[in-house]
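Since every read-out is calculated from the coordinates, none of them should be taken as a lab result. The shown structure was predicted, so the numbers you read here are calculated from the model rather than taken from an experiment. Here Cβ is always computed from backbone atoms with ideal geometry, including for glycine, and neighbour counts include all displayed protein chains.
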Amino acid sequence: MVLVVTPPIDHDAIFKELISTFFLDFIELFVPQVLEYSQPSEFTLEPTETVREVFSPIGQGKKKIADVVARLTFRDKAACFLVHVESQSSAYTQEEFRWRMFHYFARLHEKFRLPVYPIALFTFDEPFQEQDNRYVVSFPDRQVLDFSFVSIQLNRLNWRDFLKRENPVASALMAKMRMTPSERPQVKAECLRLLATLKVDQAKMELISGFIGTYLRLNEAEEEQFQQAVESMGLETKERVMQFVTDWQEKGRVQGLQEGLQQGQITKGQEDIIRILEVRFSEIPPQLRVLIRKIEDLEVLGTLLVQTVTIQSMEAFTSVASQYVASNGLESPSGEQSSGRGSDELD
């Protein structure tokens, strides 16, 4: 499927990649005590397919699996334990998310028969209030369960507290921590300054640079302030930071060219459909024109183009096109929003 619009950011996937790539750095930054009683050099990430087998379908239409599950060895005994990190970017209710964390804990514990150390990384911008990290089941005469997990809420952390942490995860996540709007250019410059001082390979450096670029997109005025902050850096650091900026610009030009070509193909496909319908049926209802303009999938446009030649009536064509719009959750010609996919799927 080829879409002209820029797809929404898959926040959970971005954070999962960051944590998976820099797992030990993540642990060292936020829960260093875990490294005191484990053997860091012997950690392994559980394969996605192995973890997927643990979970039954939740919600409708798709399976939800834990984001990152790692296996570590205790330092003082021949035994292993799991660390489960769940990144949360969307607005679940606190009660629902606490239940999810317990559900993951229970299923992982059942599958692997190992202790599980649960961590939640809250990456949303709002709300700002502290998230509850306990799931309790109790009765008037007894408390059956008191489950808790480590809660890391980025929008309650001050980016300045991480400025001197020589840690690649700190370099990335400062971009999502608490800051005032006027601090955005400075934070971006500091994220890249810290990245420029780290000894990581090129691929990992590009991962962090891309993360920072995704979450700290600046307007024109902010870009000027960012450039001023970069100019104040030492020569070697400034050169490395400007290389990150150059890479972003090159990727942006390539992406813009690709999107421009796709837009041209999509527009032509829409116009061809309208033109043939006009030849066959003389007049096209305005609502059908609007509906055709909503379809931006080149493969579907090609299928509909064939339909314009073979279909028997304008009403039949409208029905076929409407089915596509409805199945993809687009706005119908009448202005109503199609329900499309189930609204209660988990991210």
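Measure off 7 Å from each Cα along the Cα-to-Cβ vector at R52 and I9, then give the distance between these two points in nanometres to one decimal. For the pair R52/I9, the computed spacing is 2.7 nm. For the peptides 170-183, 31-44, residues were scored by their other Cβ atoms within 10 Å and the scores averaged per peptide; the highest-first order is 170-183, 31-44.
For region 128-243, what does the alpha-carbon gyration tensor say about shape, rounded, prolate or oblate, given a ≥ b ≥ c as the root eigenvalues, a/c under 1.5 as rounded, and a/b over b/c as prolate? It comes out prolate by the Cα gyration axes.
DSSP loop chymotrypsin sites (Phe, Trp or Tyr not before Pro) in region 107-182 with at most 14 other Cβ atoms within 10 Å of their Cβ, which ones?
Numbers: sites: F112, F122, F124, F128, Y135, F147, F149, W159, F162; in loops: F124, F128, F149.
Listed in order of number, the matching sites are F128.
For region 107-166, the set of GluC sites (Glu not before Pro) satisfying both a DSSP loop assignment and a count of at most 16 other C-beta atoms within 10 Å is given as E130, E166. If you take the charge dipole of region 66-170 about its Cα centre, with +1 on Lys and Arg Cβ and -1 on Asp and Glu Cβ, which of N133, V150, T73 is farthest toward its positive end? It is T73, whose Cα lies furthest towards the positive end. Kindly work out what percent of the DSSP beta bridges joining two residues of region 66-181 are antiparallel, to the nearest 5. Antiparallel bridges make up about 50 percent of those DSSP assigns within region 66-181. Oblate is the label for region 87-156, because the ratio a/c of its alpha-carbon gyration tensor axes (a ≥ b ≥ c) is 1.5 or higher and a/b is not greater than b/c. Note on region 60-209: the alpha carbon radius of gyration divided by the globular reference 2.2 N^0.38 Å gives 1.24. Approximating the spin labels as points 7 Å out from Cα along Cα→Cβ, the D161-to-L114 distance works out to 3.0 nm. When each of the peptides 290-301, 68-79 is scored by the mean number of other C-beta atoms lying within 10 Å of its residues, the order from highest to lowest reads 290-301, 68-79. Give the residue from A175, T197, P185 lying farthest towards the positive end of the charge dipole for region 143-208; charges sit on Cβ (+1 for Lys and Arg, -1 for Asp and Glu) and the dipole is referred to the Cα centre. Towards the positive end, the residue furthest out is P185. Here each label is just a point 7 Å from Cα along the line to Cβ, and for V290 and R75 those points are 6.6 nm apart.
Set the Förster radius R0 to 45 Å, insert the Cβ-Cβ distance between T214 and Q39 as r into 1/(1 + (r/R0)^6), and round the FRET efficiency to 0.05. Walk me through the numbers before you get to the answer.
On the way: r = 34 Å, r/R0 = 0.75.
Rounded to the nearest 0.05, the efficiency is 0.85.
Remark: region 179-193, residue by residue, has Karplus-estimated 3J(HN,Hα) of 7, 7, x, 6, 8, 3, x, 5, 4, 4, 5, 6, 4, 6, 4 Hz, where x stands for each Gly or Pro and the curve is 6.51 cos²θ - 1.76 cosθ + 1.60 at θ = phi - 60°.
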